[in-house]
Amino acid sequence: MRDVYVAGIGITTFTRLEFPLSEIAAYASMMALKDAGVTEVDQLYVANMGAARVNHQTALASAVADSLSLLPAGAAAIENGPASGAAAIKAGFQAVASGMDDVVLVTGVERMREVNNLEATDFVATLTHPLTEYIYGVTLPAHAAMFARLYMEKYGVTERHLAMVGVKNQNAALNNEWAHLQQEITIEGILDSPEAMTNNPFVAEPLRFFDACPVSDGGAALILVSKEKAQELGGPMIRISGVGQATDTHAVFEREEPTDLLAVRKAAKDAFDMAGLTPDDVDVAELHDAFTILEIAESEEVGFFPKGEGHIALEKGETALGGRIPINVGGGLKGRGHPVGATGVAQAWEIVTQLRGDGGKRQVDGAKVGFTCNFGGFGNNVVCLTFVRED
Amino acid sequence: MAREIYAYKCRLCGTMHYPFRMVCKECKANDFFEFDPVPLPKSGTLLTHTTVYNLPAQYEVATLGLGVVELENGMRMLGQLNIEQPKIGMAVTGTVEVVRKETYDDFYGMVFTAA
């Protein structure tokens with residue numbers, strides 16, 4: 001297997017974007033192509049979940065290939081729920097690692113604000129089990145809420161811990177000009193003050209408004225290349241050193257231990273094993289905090305902290321910028337936004353930015369090893385990646 | 001006849017499945033449709049729950065109670081809750097009712113109340 005490097009990155013602002021879906025994808029892709037200094041690719045993969053359902057467009061990758069004048073490159077769209085982004089990176093990795101392609105463009109994109117909030121919620125809920133979950137009105141916030149309640153009961157996680165994740169990540173987004181939410185929040189404002197319950201109503205008990213990521217539009221892109229090509233292009237050598245992916249039961253209630261996220265555990269372990277790394281080697285991590293509880297649970301399952309102790313590490317500031325293992329320093333899904341198909345690529349974008357030392361106010365000093373966890377379904381399809389900077 | 005929700009028992013090894021699978025998660029040896037439907041029990045204990053405020057567009061209610069129930073036979077299922085103050089560990093009992101209405105279809109599922 002050949003080594004695979006990230007030679008270029010691009011991103012759009014995550015917000016409500018009044019552009020066609022393929023243009024959002026093309027904009028992020030152009031930035032990545034220019035960043036890498038290439039005008040031709042062998043293959044492109046476009047990660048997206050809702051084009052057919054939300055934007056009434058199919059065969060998105062063909063549209064993006066033509067729009068960017070990348071013809072006759074191979075092109076395919078990858079739909080893998082909220083883990084579409086990292087699944088597309090994996091496909092691009094395999095294409096380069098196998099020797100089949102030398103330059104691959106991976107673009108993640110979503111335009112969810114084209115429909116109203118209730119339709120967007122329903123669209124995401126279509127990933128649940130059709131006959132045993134979806135028909136009951138289950139939404140992703142509902143899954144996260146039932147999971148959070150068990151976590152609270154079993155491990156002593158409180159609403160305050162959840163709010164702490166929300167405050168940490170939303171305020172981290174203030175240091176990321178591309179992030180969706182640009183409003184500072186405080187524990188006082190969302191939990192302790194007399195107005196807090198008006199500011200921060202329940203979405204699905206016990207989860208509140210500020211426990212959930214916003215509904216966002218946006219795109220992000222990477223250029224993956226072989227070692228030879230990376231050396232030819234110059235620039236920092238950022239290698240994707242580990243790739244892990246795992247699945248779990250479609251119906252969430254079927255899991256033997258309902259507070260376990262076994263696909264996260266397996267995907268992370270496989271990525272670390274492939275890279276020859278351990279969780280302790282990671283300098284900066286992007287976890288899939290679509291809901292605050294998920295950052296806590298994933299921080300345990302990927303191996304940063306023992307099971308049930310993620311909220312304690314959070315209390316101690318170990319997951320904040322300057323802490324032992326800074327998590328979601330660019331805002332995470334909570335602050336950056338969560339255009340579902342784009343998220344896995346945006347996580348990689350943040351890690352590469354960090355490993356290049358381009359993080360500005362949110363830079364983790366001397367970051368050399370990065371990690372991403374892209375969580376699809378409600379944990380039924382997870383992709384983890386490790387990145388290393390080679391000097 | 002009362003409506004039922006069915007689990008599916010593997011004809012080869014007896015393992016029960018809910019939801020339905022084409023291949024048994026235990027023996028993985030099935031030919032096509034080698035499962036027998038077995039009605040799920042309707043009583044159990046509440047494992048976790050939520051009240052949802054932000055519902056898909058089809059629901060014309062302000063909030064919806066949802067929960068996971070561990071049934072008498074140890075299997076689990078998700079259902080709607082018609083319980084004022086749900087508590088983890090409480091005994092519940094279910095009836096099969098319409099849980100979602102769409103233009104041409106009514107979908108039936110389990111609605112749990114306090115036992």
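The values are calculated or read from the model by the stated rules, or taken from the named source; none is laboratory data. Remember, it's a predicted structure, so these values are computed and weren't measured experimentally. Note that we place each Cβ from the backbone using ideal geometry, even for glycine, and neighbour counts take in every protein chain shown. What goes into the accessible areas is simple: the full protein's heavy atoms, side chains included, and nothing from ligands, DNA or RNA. Shrake-Rupley method; radii C 1.70, N 1.55, O 1.52, S 1.80 Å.
Here B:PHE20 fits the description: under 19 Å from the mean Cα position of the chain (by Cα), surrounded by fewer than 15 Cβ atoms within 10 Å (Cβ to Cβ) and aromatic (Phe, Trp, Tyr). If you check A:GLU205, A:GLU188, A:GLU177 for being modelled with pLDDT of 95 or more and either in contact with a Cys (Cβ under 6 Å, 6 or more places away or on another chain) or within 26 Å of A:THR353 (Cβ to Cβ) (or both), only one passes: A:GLU177. Each residue in region B:61-73 was checked for being within 11 Å of chain A (Cβ to nearest Cβ) and open to solvent by 40 Å² or more (accessible area, probe 1.4 Å), and 3 pass.
For region A:266-288, the criterion of being surrounded by fewer than 24 Cβ atoms within 10 Å (Cβ to Cβ), part of a helix (DSSP H, G or I) and in contact with a helix residue (DSSP H, G or I) (Cβ under 6 Å, 6 or more places away or on another chain) is satisfied by no residue at all.
Tell me yes or no: at least one residue of region A:318-330 is in a loop (DSSP other than H, G, I, E, B), closer than 30 Å to A:LEU68 by Cα and touching a helix residue (DSSP H, G or I) at 6+ places or on another chain (Cβ under 6 Å).
The answer is yes; a qualifying residue exists.
Only one of the numbered conditions (1) touching an Asp or Glu at 6+ places or on another chain (Cβ under 7 Å); (2) open to solvent by 70 Å² or more (accessible area, probe 1.4 Å) is violated by B:ARG76, and that is (2).
Looking only at region B:53-78, which residues are outside any strand (DSSP E or B) and aliphatic (A, V, I, L, M)?
Start the filter on region B:53-78 by keeping residues that are outside any strand (DSSP E or B), which leaves B:53-63, B:72-75.
Scanning region B:53-78 gives B:LEU55, B:ALA57, B:VAL61, B:ALA62, B:MET75.
With a cut-off of at least 3 residues that are open to solvent by less than 20 Å² (accessible area, probe 1.4 Å), within 14 Å of chain B (Cβ to nearest Cβ) and touching an Asp or Glu at 6+ places or on another chain (Cβ under 9 Å), name the helices (runs of 4 or more DSSP H) lying wholly within region A:124-238.
A:140-155
Scanning region A:260-284 for residues that are in contact (Cβ under 8 Å) with a residue 24 or more places away in the chain and over 22 Å from A:ASN380 (Cβ atoms) yields A:ALA275, A:GLY276, A:LEU277, A:THR278, A:PRO279, A:ASP281, A:VAL282, A:ASP283, A:VAL284.
From the list A:VAL382, A:VAL340, A:VAL352, exactly one residue is in contact with a helix residue (DSSP H, G or I) (Cβ under 6 Å, 6 or more places away or on another chain), surrounded by 20 or more Cβ atoms within 10 Å (Cβ to Cβ) and in contact (Cβ under 8 Å) with a residue 12 or more places away in the chain. Which is it?
Of the residues listed, the single one that is in contact with a helix residue (DSSP H, G or I) (Cβ under 6 Å, 6 or more places away or on another chain), surrounded by 20 or more Cβ atoms within 10 Å (Cβ to Cβ) and in contact (Cβ under 8 Å) with a residue 12 or more places away in the chain is A:VAL382.
All of A:ALA61, A:ALA77 fail the test of being of a type in the set (Gly, Ala, Ser), part of a strand (DSSP E or B) and either within 19 Å of the chain's Cα centre (by Cα) or crowded, with 24+ Cβ neighbours inside 10 Å (or both), apart from A:ALA77.
When B:ARG3 is tested against the conditions (1) modelled with pLDDT of 95 or more; (2) more than 10 Å from chain A (Cβ to nearest Cβ), the lone failure is (1). Condition test on B:VAL68, is it among the aliphatic types (A, V, I, L, M) and out of contact with any helix residue (DSSP H, G or I) (no Cβ under 9 Å at 6 or more places or on another chain)? No. Only a single item in (1) polar (S, T, N, Q); (2) in contact with a helix residue (DSSP H, G or I) (Cβ under 8 Å, 6 or more places away or on another chain); (3) assigned to a loop (DSSP other than H, G, I, E, B) is not met by B:THR50, and it is number (3).
Of all residues being part of a strand (DSSP E or B) and open to solvent by 40 Å² or more (accessible area, probe 1.4 Å) in region B:96-115, which is farthest from the other protein chains (Cβ to nearest Cβ)? Just the residue, please.
Residues of region B:96-115 part of a strand (DSSP E or B): B:96-101, B:106-114.
Filter once more, so that each one left must be open to solvent by 40 Å² or more (accessible area, probe 1.4 Å): B:97-98, B:101, B:106-108, B:113-114.
Details: B:GLU97: 11, B:VAL98: 10, B:LYS101: 10, B:ASP106: 10, B:PHE107: 4, B:TYR108: 8, B:THR113: 15, B:ALA114: 17 Å.
That would be B:ALA114.
Answer yes if at least one residue in region B:81-95 is over 30 Å from A:ASP211 (Cα atoms), out of contact with any Leu (no Cβ under 9 Å at 6 or more places or on another chain) and either surrounded by fewer than 17 Cβ atoms within 10 Å (Cβ to Cβ) or more than 10 Å from chain A (Cβ to nearest Cβ) (or both), and no otherwise. Yes; the residues of region B:81-95 include at least one that is over 30 Å from A:ASP211 (Cα atoms), out of contact with any Leu (no Cβ under 9 Å at 6 or more places or on another chain) and either surrounded by fewer than 17 Cβ atoms within 10 Å (Cβ to Cβ) or more than 10 Å from chain A (Cβ to nearest Cβ) (or both).
A:GLU300 falls short on exactly one of the conditions (1) in contact (Cβ under 8 Å) with a residue 24 or more places away in the chain; (2) more than 16 Å from the chain's Cα centre (by Cα); (3) assigned to a helix (DSSP H, G or I), and that condition is (1).
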